[in-house]
Amino acid sequence: MCTTKVLVDANFLVNVNDEDKKLLELMEEYHQVLKITVVLDCLAKVCDDHEKLLSDRFENRIKVISIDSLKDSECESILTLLNSVEHWSDDYDSRVEMAFYSSSDYTHILTDKSEHFEKADKHTKVKVLRIHELEELLKQPPNPPETVSPNPPESVSPNPPESVLP
């Protein structure tokens, strides 16, 4: 089973009402394959009581990452990536989220404000989803693993068998 690692836009967590219920439903239904993470540095800017938000509304099921918790080399990597994604969005927090996304093995960014990520979605590996698109993605059957035939096909000789030769 393939894990879907989603970095959720901090604004999405704070601003949604019906969609956060949908996110919780998806987190419950797909708990084995859906991993949700938020960048604390961005969440703290848009929500004064972010700890209460995460504990009450999302029952502490969302992983929280922060620049402060990174090793020096990881922090340098984020800062370098932050400079490289500068032209993809006018929104600073969106750039921070893109830098975190690019520095790890996240598969998607979940947001309700795709315009902040629009250029990056079209021109980079950043894959931006809205909640209904995440749901559609999770409902898709996993790709079956490639199977290897136990008996490899016999090789065809470029020369005919000797009995056929005149």
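The values are calculated or read from the model by the stated rules, or taken from the named source; none is laboratory data. As the structure is a computational prediction, the values presented were derived from the model and not from experiment. A quick note on method: Cβ atoms are made from the backbone with ideal geometry, for glycine too, and the neighbour counts reach across all protein chains shown.
A few notes on this one:
- Here the condition is being exposed (fewer than 15 other Cβ atoms within 10 Å of the Cβ) and at negative phi; of Ser102, Ser77, Ser55, it holds for Ser55 alone.
- Within region 128-166, tally of residues that are out of contact with any helix residue (DSSP H, G or I) (no Cβ under 7 Å at 6 or more places or on another chain), modelled with pLDDT of 85 or more and assigned to a loop (DSSP other than H, G, I, E, B): 1
- Within region 61-97, the residues that satisfy the criterion of being farther than 16 Å from Asn11 by Cα, in contact (Cβ under 8 Å) with a residue 12 or more places away in the chain and of a type in the set (Val, Ile, Thr) are Ile67, Ile78, Val85.
- In region 51-73, of all residues being of a type outside the set (A, V, I, L, M) and more than 19 Å from Lys21 (Cβ to Cβ), the one that is nearest to the chain's Cα centre (by Cα) corresponds to Lys63.
- Tally of residues being part of a loop (DSSP other than H, G, I, E, B) and farther than 15 Å from Lys63 by Cβ across region 88-127: 11
- The C-beta contact set for region 98-115 (first residue modelled with pLDDT under 85, second residue part of a loop (DSSP other than H, G, I, E, B), distance under 7 angstrom, 6+ apart or interchain) comprises Asp112/Val16; Asp112/Arg130; Lys113/Asp9; Ser114/Arg130.
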